[in-house]
1. Taking the condition β-branched (V, I, T), under 17 Å from G89 (Cβ atoms), surrounded by 14 or more Cβ atoms within 10 Å (Cβ to Cβ) and under 11 Å from the mean Cα position of the chain (by Cα), does T135 pass?
2. Quick check: anything in region 125-143 within 21 Å of S52 (Cα to Cα), in contact with a strand residue (DSSP E or B) (Cβ under 7 Å, 6 or more places away or on another chain), acidic (D, E) and in contact (Cβ under 8 Å) with a residue 24 or more places away in the chain?
3. Tell me which strands (runs of 3 or more DSSP E) are completely within region 122-171 and hold 2 or more residues being of a type in the set (S, T, Y), or say none if there are none.
4. Quick one: E119 ticks every box in (1) within 15 Å of T184 (Cα to Cα); (2) assigned to a strand (DSSP E or B) bar one, so which box is it?
5. So how many residues does region 169-208 have that are of a type in the set (D, E, K, R), at pLDDT below 95 and over 12 Å from the mean Cα position of the chain (by Cα)?
6. Keeping to region 160-208, report how many residues are touching a residue at least 24 places away in the same chain (Cβ under 8 Å), touching a Lys or Arg at 6+ places or on another chain (Cβ under 9 Å) and farther than 21 Å from Q78 by Cβ.
7. Could you say whether any residue in region 153-167 is loosely packed, with under 14 Cβ neighbours inside 10 Å and modelled with pLDDT under 95?
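The values are calculated or read from the model by the stated rules, or taken from the named source; none is laboratory data. Remember, it's a predicted structure, so these values are computed and weren't measured experimentally. Backbone-built Cβ (ideal geometry, glycine too); neighbour counts: all protein chains shown.
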Amino acid sequence: MMAKRSGSVWLISFAVSMTCLAWAGQASAGAQDLKKLSGDYAFSGEAFCIQSTSGFDSTLGFSPNPNGTVTFRPFNVQGIRTFNGDGSGTVVFTQVGINIPGDGGNQNQNLKPNANAGEGHANFTYTVAPDGSFTVDQGPITVTTVAGAGNGNIGVTTGVKFSGQASKDWNTLVLSTDGLNVETTTTSGGVFLRDRICTRARTAVKIK
């Protein structure tokens with residue numbers, strides 16, 4: 001009877017040991033994948049956003065809700081995205097864009113097209129798969145307007161996510177907006193709040 005119990009204990013111990021080894025192997029593989037995506041990447045790209053001060057109705061194809069201000073914002077961006085090799089990183093960039101009033105009812109009657117330029121920065125986290133695909137979960141993005149409309153304003157945007165693919169040598173990356181996400185931008189200490197839905201595309205080349 002004791003021999004059977006000892007055998008059962010041995011089998012359980014063996015199973016637990018193998019499970020722990022499998023988990024350790026998966027963790028090690030994940031860490032190695034993260035290390036493959038590391039260094040500084042210079043990037044550029046374009047974006048287009050629908051912005052609404054009254055939010056969006058997800059039941060109507062994410063159309064802007066009524067009684068708000070609607071603007072369209074196309075812009076380009078260039079900068080440096082740094083992957084630390086551990087799932088964290090930072091990004092700095094400059095951007096130039098235009099703001100075009102949309103169909104938002106009476107709220108839009110006094111709006112006129114304008115343009116501005118800004119400088120921004122943010123932290124982010126990322127994951128990497130064995131096939132070289134990756135995701136980026138962008139932390140709050142802070143942009144200071146340095147020229148044009150709203151000069152001096154500071155905006156903070158949340159909810160930005162990317163998915164992408166690395167080349168075989170990890171020297172080139174392509175990224176785009178990951179899914180249909182409603183982002184939120186707060187400007188100048190919270191006095192101006194708006195939601196927006198954006199499409200983005202980026203190409204990045206490793207420089208360091």
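1. The answer is yes for T135.
2. No; the residues of region 125-143 include none that is within 21 Å of S52 (Cα to Cα), in contact with a strand residue (DSSP E or B) (Cβ under 7 Å, 6 or more places away or on another chain), acidic (D, E) and in contact (Cβ under 8 Å) with a residue 24 or more places away in the chain.
3. Result: 133-138, 141-148, 154-158.
4. (1)
5. The total comes to 4.
6. 4
7. no
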